[in-house]
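Engineer: Dumping the structure here so I can ask a few things about it.
Read-outs throughout are calculated quantities, based only on the coordinates presented, and are distinct from any laboratory measurement. Keep in mind the model is a prediction, meaning the values are calculated, not measured. Here the Cβ positions follow ideal geometry from the backbone for every residue, glycine too, while neighbour counts run over all protein chains shown.
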């Protein structure tokens with residue numbers, strides 16, 4: 001179980017990576033629609049996995065992006081080290097986050113079931129309910 005300090009570090013790394021992708025990384029292989037969705041660190045803070053999503057998400061595009069991220073990992077780690085105050089900067093690995101595509105697929109299946117009359121409107125919610133304040 002990670003503590004609030006670990007969550008703050010993950011958020012700081014996510015912000016540093018996002019800033020580097022938006023302002024500093026000028027690689028033509030970077031997709032136009034690219035997002036770091038979350039960062040998870042190891043308990044010893046030596047390793048960090050950065051999850052990303054992109055459009056288009058065809059296999060060839062995913063492979064090219066994965067190669068680009070592997071090539072740029074050192075540069076991105078140096079940017080994180082400059083912005084996040086840690087004794088040691090974690091080693092970065094990048095993992096494609098397929099959650100947005102899964103959500104889109106589930107939504108389209110639900111919509112298809114509704115259009116065929118096999119599912120009543122409101123029977124299953126597409127969006128998670130907001131918690132009352």
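Engineer: May I ask you to derive the FRET efficiency for residue 55 and residue 75 from their Cβ-Cβ distance with R0 = 22 Å, giving the value to the nearest 0.05?
Structural biologist: Values: r = 23 Å, r/R0 = 1.06.
Computed FRET efficiency for residue 55 and residue 75: 0.40.
Engineer: Which value results for Rg/Rh of segment 1-88 when Rg is the Cα radius of gyration and Rh the Kirkwood radius based on the inverse mean 1/r? Each step should come with its number before you reach the end.
Structural biologist: Details: Rg = 13.3 Å, Rh = 13.7 Å.
Using only Cα positions, Rg/Rh for segment 1-88 is 0.98.
Engineer: Using only alpha carbon pairs under 8 Å that are at least six residues apart, calculate the relative contact order of segment 1-90 and give it in whole percent.
Structural biologist: Details: 86 pairs, mean separation 29.4, N = 90.
Value for segment 1-90: 33 percent.
Engineer: Full-extension gain between residue 110 and residue 22, please, as 0.36 nm times their residue separation minus the C-alpha to C-alpha distance.
Structural biologist: Separation in residues times 0.36 nm, less the Cα-Cα distance, equals 28.2 nm.
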